[in-house]
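Accompanying notes for the structure given below.
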Amino acid sequence: MATTAQLEEASLFLMQASMGANYALIEAVADYTGGAGGIEGWLDDQLSHSVANTGTINTDDTFYNRVNEIWKDFKTQAINASNDDGTGNKIGIGNATLPYNFYWRMGWWHRTLAKARNATLTNKNYTNANGDSFDTVNPKELDNENILRHRIAQALSEILVISDKSILELDALGMADFYDILYEGAFGNYTDLLKKVSLHPTMGVFLTHLNNKKEDSANNIHPDENYAREIMQLFTIGLNELNPTTGVEIQDASGNYIPTYNNDDIKELAKVFTGIRADSYNYVWPTRVPGFTQDSQILLNDGVPKNYKTIPFINMIKPMKEDSQSQHDTTRKELFNHSGKTYTLTINAGGNLDADITAAVNGLVAHPNTKYFIAKKLIQQLVTSNPSQAYVKAVADEFGSTGDLKKAIRKILTHNDARNTTSKKLKAPLFRITQLLRAFNVNNTSKKLWVRGDMVDSKLQHHVLSSPTVFNFYLPNFAPHGQIENENQVAQEFQLHNSATSIGYTNMMYDLLFTPDEKISLIVSTLIDNPNFFKTKDSTEADDKLAFDFTAEEALANSTDIDTLINRISLILTGKNSSDIAGEIKNTINTKIGYANKKWVVQTVIFLIVCTPQFTIQRKR
Amino acid sequence: MKNLLSRRSFIKLSFFATLALAGCGGSTGSSKKKDTSSDDTTKSTTNPNINKDKALVYLILNGGNDSFNMLVPTNTSSFSQYETTRSNLKLNKADLKPLNFTDKNSKTFGLHPSMPKTATLFNNKKLAFIANTGPLIEKTTKAKYLANNVAIPLGLMSHADQVKHWQTLDASKRTNIGLFGRFADTFQKDKDDSQISMNLSLSGTNILQNGEKSTEYSITKDGSIGLKVKETITASSHPTYTPAQRTGLQNLNNALLGAFNNILDKSYSDSFEKTFIDIEKNAQSHHEIFKAKTASINPNTFVDYSAKTTHTNAQNSNATTKYSSTDKNISEQFKMIAKAIKASDSLNMKKQTFFINYFGWDHHDELTNNQSRMLSVVDDALDGFQKALNQLGIADKVITVVGSDFGRTLTSNGNGTDHGWGGNMIVMGNDVKGGKIYGEYPSLALNSDLDIGGGVLIPTTSNDEVFAELAYWFGIEKNKLNEYIPNIKNFYDLNSQDLPIGFI
């Protein structure tokens, strides 16, 4: 039996290492007996699980598969609802059946809410209008493996950014597949991951290196520089030179930081990302694109207008390929070859696209800046806004020159600073929501946990793969005015805590907890509402509405056990087996609410705790 | 290091540049006008605008508007140059909306086909353009740029940096203190916590409105945001409830609110915890004030997107693009701004700034169709906003300015354009001397004296000059402009009788 202190530490650890934990998971980690036991043993177990099933990724454990199933289900409904003959020639139906971003969001929420829920969530097979049979949840979505992997994939998605606030909103499947790369590569090498990311069509569309041609001075066409710039600034070396042994930003004699690259370097690197095309044409309604054959090869100079060589007309799953019409720039590329630079990157002439990208990615990850730059970003995502120099260095050394993510993550979560009293961060809004929903085992009758997520996005300005730009949701050095700034600390998540979102957050928590029918107000859609194809039914489906499972808590919702109830909820949500506002909560319930409505008692305890900074600020207590 | 200058050599150079440029005055060209509107008073040291009510509205087209397709030269020789350079991105001359203006180089102009209302505002002298403007640290020529002997903005042609320079007006630094933040540091210097910030944002936290001491107040198109638990439960708010259920819920909410307020009133020693609570506390009290003061102001809805779904490119009737929810919100955000300006007295805001960050302009790809749609949104929004201001009788104290990270490359990357430097911006308002294009509209020939490669144009008017003029209009003393816009002296003599550009 774990001690209170062990449970408290496990609870804090799971805020860092999962998308949210219920009481059972906290106990399981605290009581873990494998390997080194406890947190460390559990962590090693998590790091040992792969997503491969005899060499290939287990399709039951992919985001793509779940999103695809959800989309196919809606697509079938849309076709049936319109009596379409399948040609897509009826007005509206072609669009209605495209894989819009909300299918991606539904699939992400479904997997996020299902994970590690084997005790409370069971599969419910269903058959759609076409007679196709689906599993609502499968064993790989439910088991206790890869809880950490899921959290790391999310952290990586805020570093290697693509966003559905772009034309990617039309491609749920591509985004799901991109997320699978992060999920699959979460414990691998950063070089392998970055190469896959660089060649993924969603990144090619988002940062526009897809369909990029080499220099053609006669026609005033020059390579697109977007990806070349961002892969350096955001995905590897960052803007300023770092001391190779300490990771601290270097200043020159005048106290200025030294830029890592200049515009010439961008132009050189842009040559690498040329001659890139999508794998093939691919579209759900082929008759709508003039003159192309499904799955036929794309050539950059094949005469088909360029707007047919991107979403939604192309294969967004298979890696991008080299064009066969000599559009890749095969000249020698030299980066950082100017005065004052000790690290240079040269890519020899004659390489093909794959060889050049491999060389560029390996060279950029091996740049002495990268290990510190990515180590700090990962620590800030998981543990603390202001990591010590020693903490960053310890993680960077594990990360090394090829980017060993497994070792780096293990170090992040086991370092002394991971759970000391100075490490702290504001939980990003999305994690406050996932933690609450997972903590109290949300469930529905249909077992389709297909949350659309729009409300989280619009009210809290935070959602998965949904930042306003490639720069993610927050500036890395953001500090709100006042005490935090005066302490020379940064707190990037506070950029999402303003006069609109702070009240929006409290209101959302109220809505989640106190909706009239005691069901959760997050929209879950499972049916197309004929004739408004996009307007999926979201209010009429009692089976789909989510509800918390407060069974264990309601058993304590009486005047005798109220202290135990407050402590239990506080442990789950704040990592401390007591609440700073226990007196306030008790007084409110005892004098104003009473114990007649047990749900109200539980909801009140939760609501008041999630309103406190004890919940919103993640730290050892 | 061909194009970048080390920081140390910049410091040395900018010292000489300052000496060399002192007294040179403002922008190039004959469009520079004397500040006749306040001729008598600019001679004295006191700015007559200091105590006047002003509202400055800033719309950023985030991502980089391709503004050489927004404002297009139409005289024969310039248009033929335009056609050659822009190749597959060129607009048809016949579709452009004519502007009644000829510049000193005998150039005539037309606006993008999606902007007929903006053309009318221009021709009615309510609106002007400033040509080829962008961040600069000092006056820059191609020769100096290529010879590395001029200080150039940090992170030239990167979104994050350029859009920051358009908010900080300090292109030599990476800072998160914005110009409007500095305004608020001045005009709300000793602001009590109960007073709402004069910097109102429709786009959340931003650099522009962030000062040393001040921050923005975030609102939405629907106004400020208040606590749900505080709302009164009525038969109309909860129609399915029995009276007893309503009473029960009201009692519950009252209890929750009481406890919530006590949580807010606790003292927190940890900086993160304290900051979290302080922001929420202020948000709630400010909401009560803002809501009360704006509730009864209801201008007409001049622009309604509720029934619009797609935009058709005027150049190509087969090319339709869908309005995004972002597009649809822009005009509603402007309407909320009009309400807040009307309420400025009761909100105790003599000076107000407003910020809308309109995302989605990074048209590396599919430029023509997307830009056509989004410029039509801007066109509707500006026209609707000016109408609302007129209806409310507050148009005299408002200037609206539309800027963007950068202009885009003149050359095509096949289907779009990449990050450029100089671009064309819009200023609108009764105090603007409209119907003119200020600054110097550049040659669009490739390899011109301004083209540093691929049609990236060196700005001929710094955005420092544009915002210095707006700052003066807003009420900043002329001899203190450099405290707000650090490099302004490189472009403008603070002792000059004239304003930097003369569009006001």
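Figures for the structure shown
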{"read-out": "Helices (runs of 4 or more DSSP H) wholly inside the stretch A:117-219 that include at least 1 residues being modelled with pLDDT of 90 or more and more than 30 Å from A:Lys377 (Cβ to Cβ)", "value": "A:139-142"}
{"read-out": "Qualifying residue in the stretch A:595-610 (condition: within 30 Å of A:Phe494 (Cα to Cα) and more than 31 Å from the chain's Cα centre (by Cα))", "value": "no"}
{"read-out": "Residue that is outside any loop (DSSP other than H, G, I, E, B) and either in contact (Cβ under 8 Å) with a residue 60 or more places away in the chain or of a type outside the set (Gly, Ala, Ser) (or both), where the choices are B:Ser78, B:Ser114, B:Ser67", "value": "B:Ser78"}
{"read-out": "Per-region count, the stretch B:273-306, residues within 14 Å of another protein chain (Cβ to nearest Cβ) and of a type in the set (A, V, I, L, M)", "value": "4"}
{"read-out": "Residue list for the stretch B:118-140, filter: over 25 Å from B:Val163 (Cβ atoms) and outside any helix (DSSP H, G or I)", "value": "B:Asn124, B:Lys125, B:Lys126"}
{"read-out": "Matching helices (runs of 4 or more DSSP H) fully within the stretch A:575-617 where at least 1 residues are out of contact with any Gly (no Cβ under 9 Å at 6 or more places or on another chain), more than 18 Å from A:Leu556 (Cβ to Cβ) and not charged (D, E, K, R)", "value": "A:598-611, A:613-616"}
{"read-out": "Selection count, the stretch B:399-427, where residues are surrounded by 24 or more Cβ atoms within 10 Å (Cβ to Cβ), of a type in the set (A, V, I, L, M) and more than 11 Å from every other protein chain (Cβ to nearest Cβ)", "value": "4"}
{"read-out": "Selection count where residues are at the interface with chain A (Cβ under 10 Å from one of its Cβ atoms) and assigned to a helix (DSSP H, G or I), scope the stretch B:231-256", "value": "9"}
{"read-out": "Odd one out for B:Thr133, checked against (1) more than 18 Å from B:Asn65 (Cα to Cα); (2) more than 13 Å from chain A (Cβ to nearest Cβ); (3) β-branched (Val, Ile, Thr)", "value": "(1)"}
{"read-out": "Test for A:Gly35: is it at pLDDT 85 or above, exposed (fewer than 15 other Cβ atoms within 10 Å of the Cβ) and assigned to a loop (DSSP other than H, G, I, E, B)", "value": "yes"}
{"read-out": "Lone unmet requirement of (1) surrounded by fewer than 17 Cβ atoms within 10 Å (Cβ to Cβ); (2) within 14 Å of chain A (Cβ to nearest Cβ); (3) not in a loop (DSSP other than H, G, I, E, B) for B:Asn316", "value": "(3)"}
{"read-out": "Helices (runs of 4 or more DSSP H) contained entirely in the stretch A:377-482, each with at least 3 residues that are modelled with pLDDT under 95 and surrounded by fewer than 21 Cβ atoms within 10 Å (Cβ to Cβ)", "value": "A:454-460"}
{"read-out": "Single residue of the stretch A:334-355 satisfying the filter (farther than 28 Å from B:Asn88 by Cβ and surrounded by 18 or more Cβ atoms within 10 Å (Cβ to Cβ)) that is farthest from the other protein chains (Cβ to nearest Cβ)", "value": "A:Gly351"}
{"read-out": "In the stretch A:216-254, the residues that are within 10 Å of chain B (Cβ to nearest Cβ) and either of a type in the set (D, E, K, R) or touching a Pro at 6+ places or on another chain (Cβ under 9 Å) (or both)", "value": "A:Asp216, A:Asp224, A:Glu225, A:Arg229, A:Glu230, A:Leu239, A:Asn240, A:Asp252"}
{"read-out": "Total residues in the stretch B:287-307, condition of a type in the set (Phe, Trp, Tyr) and in a helix (DSSP H, G or I)", "value": "1"}
{"read-out": "Selected residue [within 30 Å of A:Thr136 (Cα to Cα), within 14 Å of chain B (Cβ to nearest Cβ) and either modelled with pLDDT under 95 or surrounded by 21 or more Cβ atoms within 10 Å (Cβ to Cβ) (or both)] from A:Val524, A:Val610, A:Val602", "value": "A:Val602"}
{"read-out": "Selected residue [in contact with a Lys or Arg (Cβ under 9 Å, 6 or more places away or on another chain) and without any contact (Cβ under 8 Å) to a residue 24 or more places away in the chain] from A:Asp457, A:Asp397", "value": "A:Asp457"}
{"read-out": "Enumeration of residues in the stretch B:197-246 that are within 27 Å of A:Leu608 (Cα to Cα) and either crowded, with 24+ Cβ neighbours inside 10 Å or in contact with a strand residue (DSSP E or B) (Cβ under 8 Å, 6 or more places away or on another chain) (or both)", "value": "B:Gly204, B:Thr205, B:Tyr217, B:Ser218, B:Ile219, B:Ser224, B:Ile225"}
{"read-out": "Residue match in the stretch B:190-207 (condition: more than 19 Å from A:Leu475 (Cα to Cα), in a helix (DSSP H, G or I) and either modelled with pLDDT under 95 or not aromatic (Phe, Trp, Tyr) (or both))", "value": "no"}
{"read-out": "Single unsatisfied condition, B:Leu392 versus (1) buried (at least 21 other Cβ atoms within 10 Å of the Cβ); (2) farther than 25 Å from B:Thr168 by Cβ; (3) aliphatic (A, V, I, L, M); (4) away from chain A (no Cβ under 14 Å)", "value": "(1)"}
{"read-out": "Criterion: within 14 Å of chain A (Cβ to nearest Cβ) and under 26 Å from A:Asp264 (Cβ atoms) - qualifying residue of B:Ala171, B:Ala184, B:Ala151", "value": "B:Ala151"}
{"read-out": "A:Asp511 being within 14 Å of chain B (Cβ to nearest Cβ), outside any strand (DSSP E or B) and modelled with pLDDT of 85 or more", "value": "yes"}
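Here's the yes/no breakdown for (1) within 11 Å of another protein chain (Cβ to nearest Cβ); (2) touching a strand residue (DSSP E or B) at 6+ places or on another chain (Cβ under 9 Å); (3) modelled with pLDDT of 85 or more:
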position	(1), (2), (3)
B:Thr326	yes, yes, yes
B:Asp345	no, no, yes
B:Met349	no, yes, yes
B:Asn357	yes, yes, yes
B:Asp365	yes, no, no
B:Thr368	yes, no, no
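The values are calculated or read from the model by the stated rules, or taken from the named source; none is laboratory data. Here the structure is a predicted model, which is why all the values come from computation and not from measurement. With ideal geometry, Cβ positions are generated from the backbone for all residues, glycine too; neighbour counts draw on all protein chains shown.
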